[in-house]
1. Any idea which of G110, G69 is closer than 22 Å to S237 by Cα and either surrounded by fewer than 20 Cβ atoms within 10 Å (Cβ to Cβ) or basic (K, R) (or both)?
2. Take H135 and tell me if it is in contact (Cβ under 8 Å) with a residue 60 or more places away in the chain, open to solvent by 50 Å² or more (accessible area, probe 1.4 Å) and under 23 Å from N189 (Cα atoms).
3. Say whether the condition of being at pLDDT 90 or above, out of contact with any strand residue (DSSP E or B) (no Cβ under 6 Å at 6 or more places or on another chain) and basic (K, R) is met by at least one residue in segment 49-65.
4. So which pairs qualify, if the first residue must be in segment 144-171 and under 27 Å from L127 (Cα atoms) and charged (D, E, K, R), the second must be modelled with pLDDT of 80 or more and assigned to a helix (DSSP H, G or I), the Cβ gap must be under 7 Å, and the two must be at least 6 apart or on different chains?
5. State which residue pairs qualify: first residue under 23 Å from Y81 (Cα atoms) and inside segment 188-212, second residue modelled with pLDDT under 80 and not acidic (D, E) in any location, beta carbons under 6 Å apart, and separation of 6 or more residues or different chains.
6. For segment 24-72, which residues satisfy the criterion of being of a type in the set (D, E) and part of a helix (DSSP H, G or I)?
7. Give the residues of segment 137-182 that are in a strand (DSSP E or B) and over 15 Å from the mean Cα position of the chain (by Cα), sorted by residue number.
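The values are calculated or read from the model by the stated rules, or taken from the named source; none is laboratory data. Since the structure is predicted, the reported quantities are computational estimates derived from the model, not experimental observations. Note: ideal-geometry Cβ built from the backbone for every residue, glycine included; neighbour counts use all protein chains shown. All accessible areas refer to the heavy atoms of the entire protein, side chains included, with ligands and DNA or RNA removed. Shrake-Rupley method; radii C 1.70, N 1.55, O 1.52, S 1.80 Å.
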Amino acid sequence: MESSPEIQPDIPREPILTLPGALTTYVVLLAVIHLRVLLPSEWENWTIDVFGFIPKRYDSSLLALDFPGGIGAQVWSFVTYSLLHANLSHIAFNVLWLLPFGSALARRFGAIRFFVFMAVTAVAGALAHLVTHEHSVAPMIGASASVSGTMAAAIRFAFVHGSFLSFSRGDADAAARVPALSLTRTLRNPRVLAFLAVWFGVNIIFGVGSIAIGADGASVAWQAHIGGFVAGLVLFSVFDPVPRTPTDAADASSPDGSRSD
């Protein structure tokens, strides 16, 4: 008795933007923390003063001011400011930019590396803001420095053949784990250079992202964006668990995946 070969059904590929658990947790955390806007106004202002990043906390050259949170706030606010947002449009814009780049990075790094990376790029953004706003008393809040860091880190592999911004990619997990380009080759890649030009242009001209709230009015902390971006670009290799091949990764600008130095 003959039997016909069993036909295996096609297994659909996982959508590229399916959120990994680490990113979902991060977004939910931002949303839950944003519920602080439901607090009485004096409590909400206290929360921003304690957990927002205020450069004047670290300035002893002028008249000393007494900020809530004391010495502890001088430490934790380097990170906690990035978890606070001014309004729904602020948080929505950051999450919108985080989805494609953060999804790939969370898959590649895993949860622990991803959360530490978000904290490190937040610190880098705060340091850049501190250097350029030494005497400011306006609290800076927003995840834009960390979001900028994820974008910068992701472009180290985003345009590699098979990755999520290449002409030919695999499923979400495979696209996130292609070998990355070295920093030197990243900065020589035409598609990366075009991305950098657009990012820096939009960021400087429109300044959309982290917002400083205080008596001197709302302003955009674009220096913090750049600090987070540079940190993400440079420190990517410290966090990356995927080894590069001896010949480095292939450039996705060639549809067949061949190298184009």
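1. Answer to the check: G110.
2. So H135 does not fit the description; no.
3. no
4. What qualifies is R156/T186; R156/F236.
5. Pairs that qualify, where the first residue is under 23 Å from Y81 (Cα atoms) and the partner is modelled with pLDDT under 80 and not acidic (D, E), are G207/V220; S210/A221; I211/A218; A212/S219; A212/A221.
6. Matches in segment 24-72: E42, E44, D49.
7. M140, V160, G162, R169
Here is a yes/no grid of residues against (1) within 14 Å of A104 (Cβ to Cβ); (2) out of contact with any strand residue (DSSP E or B) (no Cβ under 8 Å at 6 or more places or on another chain); (3) modelled with pLDDT of 90 or more; (4) open to solvent by 10 Å² or more (accessible area, probe 1.4 Å):
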site: P139; (1), (2), (3), (4): no, no, yes, no
site: S144; (1), (2), (3), (4): no, yes, yes, no
site: A154; (1), (2), (3), (4): yes, yes, yes, no
site: F157; (1), (2), (3), (4): yes, yes, yes, no
site: S163; (1), (2), (3), (4): yes, no, no, no
site: D173; (1), (2), (3), (4): yes, yes, no, yes
site: R177; (1), (2), (3), (4): yes, yes, no, yes
